[in-house]
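Here the structure is laid out as structure tokens; the discussion comes afterwards.
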Amino acid sequence: MFQGAFTALITPFRDGEVDQKALRELVEWQIQSGIDGLVPCGSTGESATLSHSEHEQVIGIVVEQARRRVPVIAGTGSNSTAEAIRLTAAARTAGADGALLISPYYNKPTQEGIYRHYNAIAQSVDLPLIIYNIPGRTGSNVAPETFARLAEIKNIAGVKEASGSMDQASDIRRLCGDRLVILSGDDALTLPLMALGARGVIAVVANVMPRQTHELVAAALAGDFARARDLHYRILPLVRALFLETNPIPVKQAAAFMGKCSPNLRLPLTTMSPGPAERLRAVMKELSLL
């Protein structure tokens with residue numbers, strides 16, 4: 001179930017509220033474009049500034065609109081284990097196919113604390129779990145040896161790996177084998193990670209180029225690395241432009257350029273600066289996206 005190209009969905013806003021119509025249209029466009037799965041309420045979806053009721057609302061809308069055509073992995077992470085359990089249980093009730101859980105941030109637990117955090121969630125909610133390892137945002141890395149322990153828990157299904165380290169990804173694969181699916185959490189490293197055994201990506205760029213992202217991953221899964229490389233180099237300029245400022249500022253602007261939603265974000269994030277926005281627009285024009 002958890003392989004292929006998954007979109008780390010943005011959350012459209014209008015007049016300070018979740019833009020339900022735009023969200024449904026985004027989901028439909030993604031599915032019609034051949035994306036393999038959807039991930040609402042991650043960091044790209046501005047989950048940190050969603051209220052709990054909005055969080056559940058967004059997941060419910062995506063699940064309902066997807067209508068089981070593609071799997072939905074709901075972002076349910078928190079640095080509070082109890083809160084992560086509650087959000088994950090709510091996602092299961094809403095009909096999500098899995099949950100994406102960021103490692104505890106700010107309080108910086110030990111490896112034992114990280115293990116116990118995920119184990120407690122897994123024991124509390126019967127839902128496949130994907131661990132999101134992104135040390136740049138959390139301040140801690142989940143060690144490959146900890147992943148090996150976590151892989152023994154039956155409903156821990158995979159890792160969204162965004163440490164940026166090929167050594168880390170290699171060690172996770174070496175220690176866990178097929179017990180843990182590796183999905184890239186860094187758009188620029190999707191192809192290198194798949195060469196090491198990853199099975200796909202949870203991608204920001206797929207908000208803008210879902211079909212091409214799907215095709216890149218499908219080619220790599222089929223062993224056609226020549227085609228995958230061609231697609232990688234085609235997409236790469238946009239990947240770089242989407243990180244000119246903090247994610248999801250640029251991808252929200254890109255979606256707005258395409259008429260998919262407004263560029264509105266919630267504080268402390270602000271709309272894209274004029275200079276970087278024009279650079280993003282130029283890249284998108286070069287790729288015939290505008």
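Close amide H pairs (under 5 Å, H built 1.01 Å from N) link TYR105 with ASN79, residues at least 5 positions away or on another chain.
Rounded to the nearest 0.05, the FRET efficiency derived from the C-beta distance between THR246 and GLU152 at R0 = 25 Å is 0.10.
Here the 3J(HN,Hα) profile of segment 94-109, calculated from phi with Karplus coefficients 6.51, -1.76 and 1.60 at θ = phi - 60°, is 6, x, 5, 8, x, 10, 9, 10, 6, 5, x, 9, 6, 7, 6, x Hz, Gly and Pro shown as x. Taken along the Cα-to-beta-carbon direction at a fixed 7 Å, the label points for SER80 and MET258 span 3.5 nm.
For the chain, the Cβ-based charge dipole about the Cα centre amounts to some 220 debye (Lys, Arg positive; Asp, Glu negative; other atoms uncharged). Straight-line reach from LYS21: taking Cα to Cα under 25 Å and skipping same-chain neighbours fewer than 8 places apart, the lysines in range are LYS252, LYS260. With R₀ set to 35 Å, the beta-carbon distance separating MET166 from SER124 gives a calculated FRET efficiency near 0.55. Pair-distance distribution P(r) for segment 196-288, from all Cα-Cα distances in 5 Å bins starting at 0: 3, 14, 23, 22, 16, 11, 8, 3, 1 percent.
Gain on full extension, evaluated as 0.36 nm per residue between ARG234 and GLN111 minus their Cα-Cα distance, stands at 40.4 nm. Of all beta bridges that DSSP places with both ends in the chain, some 5 percent have antiparallel geometry. The packing ranking, built from the mean of other Cβ atoms within 10 Å per residue, places the peptides 172-181, 139-148, 268-277 in the order 139-148, 172-181, 268-277, highest first.
Considering all different alpha carbon pairs of segment 12-99, the Kirkwood hydrodynamic radius works out to 13.0 Å.
The Rg/Rh ratio of segment 4-222, with Rg taken over Cα atoms and Rh as the Kirkwood radius over Cα pairs, comes to 0.94.
The residue among LEU87, PRO109, LEU129 whose Cα reaches farthest toward the positive pole of the charge dipole of segment 46-130, with charges on the beta-carbon of Lys, Arg, Asp and Glu, is LEU129. Packing order of peptides 79-89, 202-212, 95-105, highest average first: 202-212, 95-105, 79-89 (average count of other Cβ atoms within 10 Å over each peptide's residues). Per residue, the average separation of C-alpha pairs within less than 8 Å and at least 6 apart gives the chain a relative contact order of 18 percent. Taking amide H positions as modeled 1.01 Å from N, with prolines and chain starts lacking one, the residues under 5 Å from PHE13 and 5 or more places away or on another chain are ASP19, SER262, ASN264. Here ALA222 and ARG14 are evaluated by their C-beta separation; at R0 = 30 Å the FRET efficiency comes out at 0.15. Taking the helices alone, the chain has a mean residue ellipticity at 222 nm of -14000 deg cm²/dmol, built from -39,500 (n - 2.57) per DSSP H run of at least 4 residues and averaged over all its residues.
Only the coordinates and a few stated rules stand behind these numbers; no lab work does. What you are looking at is a predicted structure, and each value in this text was computed from that prediction instead of being measured. Positions of Cβ are generated from backbone atoms using ideal geometry, with glycine treated the same way; all protein chains shown enter the neighbour counts.
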